[in-house]
Amino acid sequence: MGGPPEIAFDLMLTDLGDRVAVTPGSQAGTDLLSKAANLRDATPEEMEEAQSLQMQIAGKAVRDLKVSPKGWYDLLEKNYDSNVWAKQAAKCLSCGSCTLVCPTCFCYDVTDEVNLDLTTGERKRTWDGCLLRDFTKVGTGEIFREKVENRYRHRFNRKGRYLPDNLGFLACVGCGRCSSQCVPDIADPVNLFNALADATKEPVIESEIPIAVKTDVASAPEAEALYIPRQATLKRVEKLTDIETLFEIAMDDGRPLGHQPGQFIEVSVMGTGEAPLSVSSAPGGDTFEIVVRKVGDVTNKLHTMKPGDKVGIRGPFGNDFDAEGLKGKNLLFIGGGLGIVPMRSFLNHVLNNRGDYGEVTILYGCKEPCELLFSDEVTAWGQRDDIRYLLTVDACSEDESWEGEIGVITTIIPKVQFDPQNTIAIVVGPPIMYRFVNKDLLDLGMPEENIIVSLERRMKCGVGKCGHCQINGIYVCKEGPVFNYKDIKDLPEAF
Amino acid sequence: MDKPRVAFFDFSSCEGCQLQIANLEEAVVEVVKLIDIVAFREVMKEHSDDYDIAFVEGSITRPMDVERLKKIRENAEILIALGACAHLGGVQRLSNQWTSEENKQEVYGDYVSDPDDIADTNPFFEKPRHRALDEVVEVDYVIPGCPIDKGEFAKVLIAILQGKKPPIPDYPVCVECKKKENVCMFEIGKFCMGPLARAGCDARCPSAGNECEACRGYVSHPHSNAQSDVLEKYGLTADAIMQRKTMFTYRYEEAGKGGD
């Protein structure tokens, strides 16, 4: 885009009908050409003919970009909430064609396909695209970019902001494939960026490309560690509720998992699939624990498995609660529903090393008494005088007994004493919970940087490649799932 | 489930979907290792009403069909709709836009060979209204398509035997066309339902140069207004759009809304 002739190439081929003119454009091109057979120097007439054809074609390719690619980053940032997105997306078929033909789109899905003998099969990687509705769908059913306009916006932001942030270059090569394949004609980046330019009143800031990157691609771990599951054995299977079961797992190679509190793993059930699951036990020991809710194929299958059965494990992945950095701090744990599962890895670490931390307060809420997890451990909390805790349920039916509070989790925050200025809150729960809990903590005077959250997204690959878990430009599987609230509060897709 | 007992049934249909299964060829050997087929009128004489899984082809048309389907539902642990007629009501559903009298007149005219055969007392002519299976009984899974894809039948069977949700895609045919590097039907001046239609057929029609008719129904959240705009942009009239949109998908129009 932007037109010739200052374009970079190694060799340019120009079709002269019965001959092809080859123009070298770099040393690499010249070197390659020197190895080729059946070449002769072009005559002056042929060179003129080739140049004239190149100019003709280049003339056709010239498009008027109102903002040069150097300004796209700023243009996209300024126009995140523009109505241009909804206007364009009203015509979008959500068919995913633009992503499937794009040379810089590399998001993928992975499925297990089993043969008719039911014992052999393949784990297959297939294209996926962020324009498709289920792209961000997690096991519990939430879809994080449900509106077409949000998916449409994500694609352009990925090209102009998110991938540049991660890889250092604009992810549009100007090939025109998306615009040629888009039936309603809304994928053309030139039209879109021009529409954004028209909607922008302030001057657009241009930035240098390549831009500084935060990811060191070269330091990525070896491919095997990334993609090949290690075999592991279920050691203990303990049903916690009707739909949640705890699995204690040991790695077969004897090498411990080596996780830090808050990290997650990818659990494979061969032939069924792979799912991201939080490690629920404190670090250390030869085994580790996960707690699994029955929500999909992999989790349903896990619920049918017995001690001795084999699973595959990749990971641990992602960052952690920084157990070291939080030493000496007062901690307020706020867990909602299944949020207690990842939180427990840190909570139990703190309880095991109680002297290393300041005051410890636990607020744990779930929908109804039968959903309470780890009731034995909760009972044990009651026997300690070095922690405080409160339990709550949203509702309690008459035939259930319940001694804790009744009301959503925010109703018990005011019931415990803590110094907001000198307390770190660890907040983990369903997506809806964060908005309310975080607001209440801030209203109490807690500084933003004192709130630590762990977010759930579709972490399909776990290693920052497949694209499913992105919150705006952030890969939750790599930069999360644990975040400091201050760092992500301005990301529109975070909460 | 140890080697489940499987039965096949048909209602108003061409039985072409069952034919696809009969045509599984060498895979049949593998299939019969996994299941006991206890009823399959198209390929065997034996019949048993003791089965775990029922595959049902065809639309439900008359009160007698409703009764029969309900019995199948009672007998089967898992009931699977086989093909477009069972899934959507089939092309025959288009006849729902006229009264049964009008349909009878259109088909048979005034010709009467034996007055008893088409008299209103004949149960075969009782209130024919075409409906999909799930409008009559609860349906566990659907294998869409006209006809079904035999490969997909095998995939669904494997998934059920593994206790998995059958892998029926919920994205449009465009995805499969792009993966196969097909030339877009719109690009060559044809009108294609692919952007709305549920994939899983490996874009069979566009791959052969024919536009998609959405025989597999729509994806769960079709953007059908956008599709109408597109068709208009390509010069299709409102009437032609309606015709295109109701070939296999009159169900959605009848209900006055898109989606399953």
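The values are calculated or read from the model by the stated rules, or taken from the named source; none is laboratory data. Remember, predicted model here, so these are calculated numbers, not experimental data. Glycine also receives a Cβ, built like all others from the backbone with ideal geometry; neighbour counts cover every protein chain displayed. Ligands, DNA and RNA are stripped out before the accessible areas are found, and what is left, the full protein with its side chains, is counted by its heavy atoms. Shrake-Rupley method; radii C 1.70, N 1.55, O 1.52, S 1.80 Å.
What is the ratio of the Cα radius of gyration of the protein assembly as shown to 2.2 N^0.38 Å, where N is its residue count, to two decimals? Before the final figure, lay out the partial values.
On the way: Rg = 30.6 Å, N = 755, 2.2 N^0.38 = 27.3 Å.
Cα-based Rg divided by the globular estimate yields 1.12.
Restricting the count to DSSP beta bridges whose residues both fall in region B:1-76, what percent are antiparallel, rounded to a multiple of 5?
Details: 2 of 10 bridges.
Antiparallel bridges make up about 20 percent of those DSSP assigns within region B:1-76.
Rounded to the nearest whole Å², what accessible area per residue is found for region A:79-159 with the 1.4 Å probe?
Working: 3340 Å² over 81 residues.
Roughly 41 Å² per residue, with all protein chains present.
Using only atoms on other chains, find how many Cβ atoms lie within 10 Å of each Cβ of peptide B:182-195 and report the average. Working shown, then result.
Working: counts 0, 1, 5, 1, 4, 3, 0, 0, 0, 0, 1, 0, 4, 8.
The mean count of partner-chain Cβ atoms within 10 Å per residue comes to 2.
If you count only protein heavy atoms and use a 1.4 Å probe, how large is the accessible surface of A:Asp320, to the nearest 10 Å²?
50
Per the Kirkwood formula on distinct C-alpha pairs, the Rh of region A:11-61 is how many angstrom? Walk me through the intermediate numbers first.
Working: mean 1/r = 0.0853 Å⁻¹.
Result for region A:11-61, one decimal place: 11.7 Å.
Output the peptides A:27-40, A:229-242, A:442-455, B:165-178 sorted from most to least packed, where packing is the average of other Cβ atoms within 10 Å over each peptide's residues.
Numbers: A:27-40: 9.8, A:229-242: 15.1, A:442-455: 18.0, B:165-178: 21.9.
By packing density, highest mean first, the sequence is B:165-178, A:442-455, A:229-242, A:27-40.
Quote the FRET efficiency, to the nearest 0.05, computed for B:Ala240 versus A:Arg63 with a Förster distance R0 of 30 Å and r equal to the Cβ-Cβ distance. Show your work: numbers first, answer last.
Numbers: r = 34 Å, r/R0 = 1.12.
E(calc), rounded to 0.05, equals 0.35.
Compute the Rg/Rh shape ratio of region A:330-454: radius of gyration over Kirkwood radius, all on alpha-carbon atoms.
Numbers: Rg = 13.8 Å, Rh = 14.7 Å.
Over the Cα atoms of region A:330-454, Rg/Rh equals 0.94.
For a quick protection proxy, order the peptides B:129-135, A:19-25 by their average other-Cβ count within 10 Å, most packed first. Numbers along the way, then the final one.
Working: B:129-135: 20.9, A:19-25: 14.6.
Top of the packing list down: B:129-135, A:19-25.
Quick one: which residues, 5+ away or cross-chain, put their amide H under 5 Å from the amide H of A:Asp112? H built at 1.01 Å from N.
Residues meeting the criterion, in which the H sits 1.01 Å from N, are A:Lys124.
Need the per-residue list for region B:131-173: every residue with at least 40 Å² less accessible surface in the complex of protein chains than in the chain by itself, probe 1.4 Å, sorted by number.
Going by heavy-atom accessible area, the residues of region B:131-173 that drop by at least 40 Å² are B:Ile158, B:Gln162, B:Lys164.
Percent antiparallel among DSSP beta bridges with both residues in the protein assembly as shown, to the nearest 5?
Working: 51 of 90 bridges.
Percent antiparallel among DSSP bridges in the protein assembly as shown is about 55.
Given Cα pairs under 8 Å that are at least 6 residues apart, what percent is the relative contact order of chain B? Please list the in-between numbers first.
Details: 447 pairs, mean separation 44.1, N = 260.
Computed over chain B, the figure is 17 percent.
For chain A, what does the helix formula give at 222 nm: sum of -39500 (n - 2.57) over DSSP H segments with n ≥ 4, over the residue count, nearest 500 deg cm²/dmol? Mind showing how you got there, number by number?
On the way: 16 runs with 127 residues, N = 495.
Here the helix-only value at 222 nm equals -7000 deg cm²/dmol.
Evaluate the charge dipole of chain A about its Cα centre and quote only its size in Debye, nearest 20, assuming +1 on the Cβ of each Lys and Arg and -1 on the Cβ of each Asp and Glu.
Details: 54 positive and 73 negative charges, 114 e Å.
Result for chain A is approximately 540 debye, rounded to the nearest 20.
For region A:292-306, list whatever residues lose no less than 20 Å² of accessible surface once every protein chain is in place, relative to that chain by itself, with the probe at 1.4 Å.
At a threshold of 20 Å² (probe 1.4 Å), the residues of region A:292-306 that become less exposed are A:Asp297, A:Lys301.
Would you mind putting A:251-264, A:361-374, A:330-343 in packing order, based on average other-beta-carbon counts within 10 Å, highest first?
Working: A:251-264: 17.6, A:361-374: 20.3, A:330-343: 24.2.
Answer by packing, highest mean first, reads A:330-343, A:361-374, A:251-264.
Just to confirm my numbers, what's the Cα centroid distance between region A:466-495 and region B:202-259 in Å?
First find each Cα centre; the distance between them is then 38 Å.
On the first, second and third principal axes, largest extent first, how far apart are the outermost C-alpha atoms of region A:223-317 in Å?
In descending order, the Cα extents are 34, 28, 24 Å.
What accessible area, summed over both chains, is buried at the B-A interface (1.4 Å probe, Å², nearest 100)?
Details: alone 13800 and 24780 Å², together 36140 Å².
Buried: approximately 2400 Å² between A and B.
On the full set of protein chains, 1.4 Å probe, figure out the accessible area of B:Ile37 and give it in Å² to the nearest 10.
Surface accessible to solvent at B:Ile37 totals approximately 50 Å².
Quick one: with all protein chains in place, what share of the accessible area of region A:223-317 is carbon or sulfur, to the nearest percent (1.4 Å probe)? The partial results should precede the final answer.
Values: 1910 of 3870 Å².
C and S atoms contribute 49 percent here.
So what is the accessible area of chain B per residue, in Å², with the probe set to 1.4 Å? Spell out each step's value before the answer.
Details: 12580 Å² over 260 residues.
Heavy-atom accessible area per residue stands at 48 Å².
If I fit a long axis through the Cα atoms of helix A:189-198 and take the longest principal axis of the Cα atoms of chain A, what angle between them do I get, 0 to 90°, rounded to 10?
The angle comes out near 80 degrees.
Which whole-number percent is the relative contact order of region A:223-317 (Cα, under 8 Å, 6+ apart)?
Relative contact order comes out at 37 percent.
Relative contact order for region A:299-428: what percent, with Cα pairs under 8 Å and sequence separation of 6 or more? Each step should come with its number before you reach the end.
On the way: 163 pairs, mean separation 37.0, N = 130.
Relative contact order, region A:299-428: 28 percent.
Looking only at B:Lys150, B:Lys33, B:Lys245, which one moves most when chain B is put into a Gaussian network model with springs between Cα atoms under 10 Å?
Looking only at B:Lys150, B:Lys33, B:Lys245, the largest GNM fluctuation is found for B:Lys33.
If you take the square roots of the eigenvalues of the alpha-carbon gyration tensor of region A:278-396 and sort them as a ≥ b ≥ c, do you get rounded (a/c under 1.5), prolate (a/b over b/c) or oblate? Mind dumping the intermediate values first?
Working: a/c = 2.07, a/b = 1.29, b/c = 1.60.
Because a/c hits 1.5 or more and a/b fails to exceed b/c, region A:278-396 counts as oblate.
Name the shape class, rounded, prolate or oblate, that the alpha-carbon gyration tensor gives for region B:173-254, where a ≥ b ≥ c are the square roots of its eigenvalues, rounded holds for a/c under 1.5, and otherwise prolate holds if a/b is larger than b/c and oblate otherwise.
Details: a/c = 1.78, a/b = 1.24, b/c = 1.43.
It is oblate, given that a/c is not under 1.5 and a/b is not larger than b/c.
Once you sort the root eigenvalues of the Cα gyration tensor of region A:1-159 as a ≥ b ≥ c, which label holds: rounded (a/c under 1.5), prolate (a/b larger than b/c) or oblate (the other case)?
On the way: a/c = 3.28, a/b = 1.57, b/c = 2.10.
In terms of gyration-tensor shape, oblate.
Which entries in A:Lys78/B:Lys178; A:Lys91/A:Lys124; A:Lys137/B:Lys70; B:Lys150/B:Lys190; A:Lys137/A:Lys301 show an alpha-carbon gap greater than 24 Å?
A:Lys78/B:Lys178; A:Lys91/A:Lys124; A:Lys137/B:Lys70; B:Lys150/B:Lys190
Using a 1.4 Å probe on the heavy atoms of the protein chains only, list every residue of region A:132-153 that has 20 Å² or more less accessible area in the complete assembly than in its chain alone.
A:Leu132, A:Arg133, A:Asp134
For labels at B:Thr99 and B:Asn225 in the simple 7 Å Cα→Cβ model, what's the distance in nm?
3.6
What are the radius of gyration and Dmax of chain B, computed over its Cα atoms and given in Å?
In Å, with Rg to one decimal and Dmax whole: 19.5, 57.
Which Cα, out of B:Val32, B:Ala81, B:Val183, lies furthest along the positive dipole direction of chain B (beta carbon charges, K/R +1, D/E -1)?
Value computed over the given set: B:Val183.
Using modelled amide H (1.01 Å from N, peptide plane; none on Pro or chain starts), what sits under 5 Å from the amide H of A:Thr392, excluding residues fewer than 5 places away?
Counting only residues 5 or more places away or on other chains, the set is A:Tyr364, A:Gly365, A:Cys366, A:Glu405.
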